[in-house]
Amino acid sequence: MLCGVAGIVWGLLRVPPPPASAARVDIALRPTWPHGWAGRAIGRTVAGDFSSGFEYEITTARLLGPSERNLRASLAKLGVVHWPQLNATMREGSAADIRFVLRTQPRELLFEAFRLHREALVCGPAAVDAPMVQEVCERFAGLRKLCDRPGDNLELRRWCLVRNALPVRDAQ
């Protein structure tokens, strides 16, 4: 009986502490891995925290992985999605990420920007002058003109919805 109680007490004493967040563990184990820093910043956006810690984590991720395509794609998408919450310094970095991604793997970023009605970020004067990107921007501008027309034509609205081009008044 005493042995059983001692075993339980010993087991309770050896209970590990609750696990830290995955991003903290990644950073603790691999402090030079840029994806860990980016993951921690993405976690902050979920919580709505755009403090200086967020800025530090994004900047560190950029410094550690300047040519990592998937990392830069994640940072560019993060910039497009949370553009209104970013300060001027963060917007400059996000614009650089956007230009990088438009040169390397533009498809997903273009669709995300159009879905959020932030075409100016990918098609504006600072955008890449890649022919494919310009062609997509021109086509989507035409689609946006068609879908933003006033009226209650349900067939047109369904057609625009299928093409991910909801009118501005419906998207907000």
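Which residues, taken from region 49-68, are assigned to a loop (DSSP other than H, G, I, E, B), open to solvent by less than 60 Å² (accessible area, probe 1.4 Å) and of a type in the set (Asp, Glu)? Correct list: 49 only.
Between 71, 12, the distinction of being of a type in the set (A, V, I, L, M, F, W, C), assigned to a helix (DSSP H, G or I) and modelled with pLDDT of 85 or more belongs to 71 only.
Does residue 102 count as open to solvent by less than 30 Å² (accessible area, probe 1.4 Å) and either assigned to a helix (DSSP H, G or I) or more than 11 Å from residue 58 (Cβ to Cβ) (or both)? I'd like the intermediate steps shown before the answer.
Working: open to solvent by less than 30 Å² (accessible area, probe 1.4 Å): yes; either assigned to a helix (DSSP H, G or I) or more than 11 Å from residue 58 (Cβ to Cβ) (or both): yes.
So residue 102 fits the description; yes.
Working only within region 81-99, note down all residues that are of a type in the set (Val, Ile, Thr) and surrounded by 21 or more Cβ atoms within 10 Å (Cβ to Cβ).
From region 81-99, those of a type in the set (Val, Ile, Thr) are 81, 89, 98; that's our starting set.
Passing the criteria: only 98.
If you scan region 120-141, which residues turn out to be more than 29 Å from residue 53 (Cβ to Cβ), in contact with a helix residue (DSSP H, G or I) (Cβ under 6 Å, 6 or more places away or on another chain) and open to solvent by 20 Å² or more (accessible area, probe 1.4 Å)?
Restricting attention to region 120-141, the residues satisfying the condition of being more than 29 Å from residue 53 (Cβ to Cβ) are 123-125, 127-141.
Now drop any that are not in contact with a helix residue (DSSP H, G or I) (Cβ under 6 Å, 6 or more places away or on another chain), which leaves 123, 128, 133, 136-137, 140.
Result: 123, 136.
The values are calculated or read from the model by the stated rules, or taken from the named source; none is laboratory data. Remember, predicted model here, so these are calculated numbers, not experimental data. Virtual Cβ from ideal backbone geometry, glycine too; neighbours counted across all protein chains shown. Heads up: the accessible areas ignore ligands, DNA and RNA and are worked out on the full protein's heavy atoms, side chains in. Shrake-Rupley method; radii C 1.70, N 1.55, O 1.52, S 1.80 Å.
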